[in-house]
Amino acid sequence: MKKRQSGVLMHISSLPGQYGIGSFGQSAYDFVDFLVRTKQRYWQILPLGTTSYGDSPYQSFSAFAGNTHFIDFDLLIEQGLLTEADLKGVDFGQDPTQVDYAKVFEQRRPLLEKAVANFLKSSDQKEFQEFCEANASWLELFAEYMAIKEHFDLKAWTEWPDAAIRAREPKALAKYREELADKLTYHRVTQFFFFQQWLALKAYANDHHIEIVGDMPIYVAEDSSDMWANPHLFKTDENGKATCIAGCPPDEFSATGQLWGNPIYDWEAMDKDGYQWWIERLRESFKIYDIVRIDHFRGFESYWEIPAGSETAAPGKWVKGPGYKLFAAVKEELGDLNIIAEDLGFMTDEVIELRERTGFPGMKILQFAFNPDDESIDSPHLAPNNSVMYTGTHDNNTVLGWYRNEIDDPTREYLARYTNRKEYESVPHAMLRTVFASVSFMAIATMQDLLELDGSARMNFPSTLGGNWSWRMTADQLTPAVEQELLDFTTIYRRENKDFKKAEK
């Protein structure tokens, strides 16, 4: 039996602050302090990777690089790399409850360029040089990719007009490295800023006995340095373009399925070198997270393969993945890892068997538990101890939005009976209470549900482009009443982080 613990799901972008998007600055440290006061163990976040068109953290230019939007300007001011005057009058967006990605993209770059220029004038760059050397395996590739991508008006590598650089021919690489040297330096330095700030924040959290639950998308984007450098590890044609793409089959939630568009791995090619790309990816992930949640875990057993060019996911088919062989290779190289398997969606005996063999805890979503006419595998009374219980994830509506708009009266009545909801009790409160009371060793409260927000605070509508990932909390929403509610859930259901007491002694 694993010890009962709890935490909160809150992405960095959703933190309050004055520069248009959440960052690694003071509000992040304040959030750690909130978790400490409420005796939590975990802070769960979404992927920290660079985001592209559509702003999804699950579509990144690199499986290794960090999102420079999260670099905090106040920390750069403290370092003398920017001044308050540099930021005066800059419009990062007028609504403190929403990220305006267009303005963030437009306004942050000149400021970061100024910070980089000031940094390069400083005499002490030993730490930066050490960072570049330690991360050269992915950093140089990322810097090249972004510099060349910007040179070609932000087009994906498959659309670059120069065939030689698409194919990474040595002469072409040498030419662009020389021509775009300043841009390469910019991307190296901003990655240094990102990791310097993030690792300082993570150290603060760890010092206060808070562990970071990170998120790893199973797939990478076609528009990425990973695919540009390693087309042989994906199912591609002679030009390096994807011949098939990832998604989910049609189901009760979507008549046409979900068309994600990511290229699909050539698992046979990966097997030939002992899954080294995956081993390196996980090795790097555990440098920045304490626990890694792997998105779409079932894709390792079987995945939905859709012909490239399809307008929906319907024409796809199930294809066998690497199965346990991948995780055996990872374990041999890296040992036992703290991984959460996102095992939602169409589950089969084979997927369950793979999850059980790895020993990874799976996930339970309370919004899926209330079927008045049949049993649900997400019902708390069926959850094993080795599982993580949520009200919902980033892909779900908030509890309030779901309750009001997505379920019928029989389901609402069953929910009230199952949770023993009182007339005076709000639905989000009853749902969170049920999550924390469950036998799952880890209970995660979604921040929007703690704040009892409606569907306007939803993070993502799967298979839609635009308008997602934008919700932000304001500082005044984190009231003493909210804090007390979370503390009550945690103590009543014996999920307190006991390491606080050890530290006090």
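Are there any pairs, at least 6 apart or on different chains, whose C-beta atoms fall under 8 Å, with the first in region 26-43 and β-branched (Val, Ile, Thr) and the second open to solvent by 10 Å² or more (accessible area, probe 1.4 Å), and if so, which?
From region 26-43, the pairs are Val32/Tyr204; Val32/His208; Val36/His208; Val36/His209; Val36/Phe500; Thr38/Glu483; Thr38/Leu487.
Within region 341-389, how many residues are assigned to a loop (DSSP other than H, G, I, E, B) and under 24 Å from Gly321 (Cβ atoms)?
Total meeting the criteria: 14.
Exactly one of these conditions fails for Arg421: (1) within 26 Å of Ser463 (Cβ to Cβ); (2) in contact with a helix residue (DSSP H, G or I) (Cβ under 9 Å, 6 or more places away or on another chain); (3) open to solvent by 60 Å² or more (accessible area, probe 1.4 Å). Give me its number.
Every listed condition holds for Arg421 apart from (1).
If we scan region 9-20, do we find a residue that is in contact with a helix residue (DSSP H, G or I) (Cβ under 6 Å, 6 or more places away or on another chain), more than 24 Å from Asp290 (Cα to Cα) and open to solvent by less than 20 Å² (accessible area, probe 1.4 Å)?
So far as region 9-20 goes, yes, one or more of its residues are in contact with a helix residue (DSSP H, G or I) (Cβ under 6 Å, 6 or more places away or on another chain), more than 24 Å from Asp290 (Cα to Cα) and open to solvent by less than 20 Å² (accessible area, probe 1.4 Å).
Might you check whether a residue that is touching a residue at least 40 places away in the same chain (Cβ under 8 Å) and over 24 Å from the mean Cα position of the chain (by Cα) occurs anywhere in region 386-408?
Yes, region 386-408 contains at least one residue that is touching a residue at least 40 places away in the same chain (Cβ under 8 Å) and over 24 Å from the mean Cα position of the chain (by Cα).
So how many residues does region 307-328 have that are β-branched (Val, Ile, Thr) and more than 20 Å from Met270 (Cα to Cα)? It would help to see each step written out before you state the result.
Looking only at region 307-328, we keep the residues that are β-branched (Val, Ile, Thr), and these are 312, 319.
Pick out the ones that are also more than 20 Å from Met270 (Cα to Cα) and you get 312.
Going through region 307-328 one residue at a time, the tally reaches 1.
Conditions (1) over 19 Å from Trp304 (Cβ atoms); (2) in the same structural domain as Ala313 (by the TED database), marked per residue:
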site: Asn206; (1), (2): yes, no
site: Gly214; (1), (2): yes, no
site: Ala221; (1), (2): no, no
site: Asn239; (1), (2): yes, yes
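Please work out which one of (1) under 30 Å from Ala102 (Cα atoms); (2) in contact with a His (Cβ under 7 Å, 6 or more places away or on another chain) is the condition Asp499 fails and give its number.
With respect to (1) under 30 Å from Ala102 (Cα atoms); (2) in contact with a His (Cβ under 7 Å, 6 or more places away or on another chain), Asp499 is out only on (1).
Taking Ser310 as the residue in question, decide whether it is touching a Gly at 6+ places or on another chain (Cβ under 8 Å), surrounded by fewer than 18 Cβ atoms within 10 Å (Cβ to Cβ), part of a loop (DSSP other than H, G, I, E, B) and not β-branched (Val, Ile, Thr).
Values: touching a Gly at 6+ places or on another chain (Cβ under 8 Å): yes; surrounded by fewer than 18 Cβ atoms within 10 Å (Cβ to Cβ): yes; part of a loop (DSSP other than H, G, I, E, B): yes; not β-branched (Val, Ile, Thr): yes.
So Ser310 fits the description; yes.
Filter region 224-241 for residues that are part of a helix (DSSP H, G or I) and farther than 13 Å from Glu268 by Cα and give the result.
Result: Ser225, Asp226, Met227, Trp228, Ala229, Pro231.
The values are calculated or read from the model by the stated rules, or taken from the named source; none is laboratory data. What you see is a predicted model, and the numbers here were worked out from it, not measured in a lab. Here the Cβ is made from the backbone with ideal geometry for all residues, glycine too, and neighbour counts use every protein chain on show. Note: areas computed on protein heavy atoms with side chains; ligands, DNA, RNA excluded. Shrake-Rupley method; radii C 1.70, N 1.55, O 1.52, S 1.80 Å.
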